[in-house]
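Below: the structure, in structure tokens.
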Amino acid sequence: MNMYLRAGLGALALAAFAAPATAAVSIDTTACVSVSDEAGCRFTGNIAPNTVQETQDTYNDFMPAFPDAPITLNYLGQSDEGFGILTGDGTTSGSWETPGYLVDFLAVKAGNGFVLYKLAEAASSGSWNTFDLPANKAGNYPGLSHLTFFGSEGGVPGVPEPATWAMLIAGFGMVGASLRRRSRLSSVTA
């Protein structure tokens, strides 16, 4: 091998190792009816903060005619970063909670892909499993890597905070005191 060819191959190999790997997200067209479907939509790649926009764009480009497209993914956090509370076996199924947050989309990441689901109604708890991802040759489903939550801050609607309760009770007390005073004044003048 000549000296220039060897140097060129060496530089090419060095460039390949020095270049950062990109985590391309692609939709599995054979396993996607809609994110609203109970089986969700399967993607290959990783769902992480830096691939949320790519995931959203990939879905919206693939599903432009569906009623739930375009979707907007508002990233809240990931279970492997401490966001949310997971219970269950932690491998292939369990439940999740996000106190103070309402989730409208959930991504279940396992193996070399993830499934994106749109919840029927925004919720702060639910269940998850990896059964919509392909099983290995032995028939075992992949173990969970992490859950990614999308939605908004808000928690359970209609439940006042403690400070609101205190103001409400104080207001009722003031109204009661005012009525008591008014009834005393009317009985004195009569």
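Restricting the range 83-93 to residues that are in contact with a strand residue (DSSP E or B) (Cβ under 6 Å, 6 or more places away or on another chain) and at positive phi leaves a set whose member that is surrounded by the most Cβ atoms within 10 Å (Cβ to Cβ) is 84.
Of the residues making up the range 24-36, those that are in a loop (DSSP other than H, G, I, E, B) and open to solvent by 60 Å² or more (accessible area, probe 1.4 Å) are 24, 33, 36. Give the number of residues within the range 53-82 that are open to solvent by less than 40 Å² (accessible area, probe 1.4 Å) and touching a residue at least 60 places away in the same chain (Cβ under 8 Å). Summing the residues that are open to solvent by less than 40 Å² (accessible area, probe 1.4 Å) and touching a residue at least 60 places away in the same chain (Cβ under 8 Å) in the range 53-82 gives 6.
The values are calculated or read from the model by the stated rules, or taken from the named source; none is laboratory data. Not measured: the values here are computed from a predicted model. In this analysis, Cβ positions are derived from the backbone assuming ideal geometry, glycine residues included, and neighbour counts consider all displayed protein chains. SASA here: full protein model, heavy atoms, side chains in, ligands and nucleic acids out. Shrake-Rupley method; radii C 1.70, N 1.55, O 1.52, S 1.80 Å.
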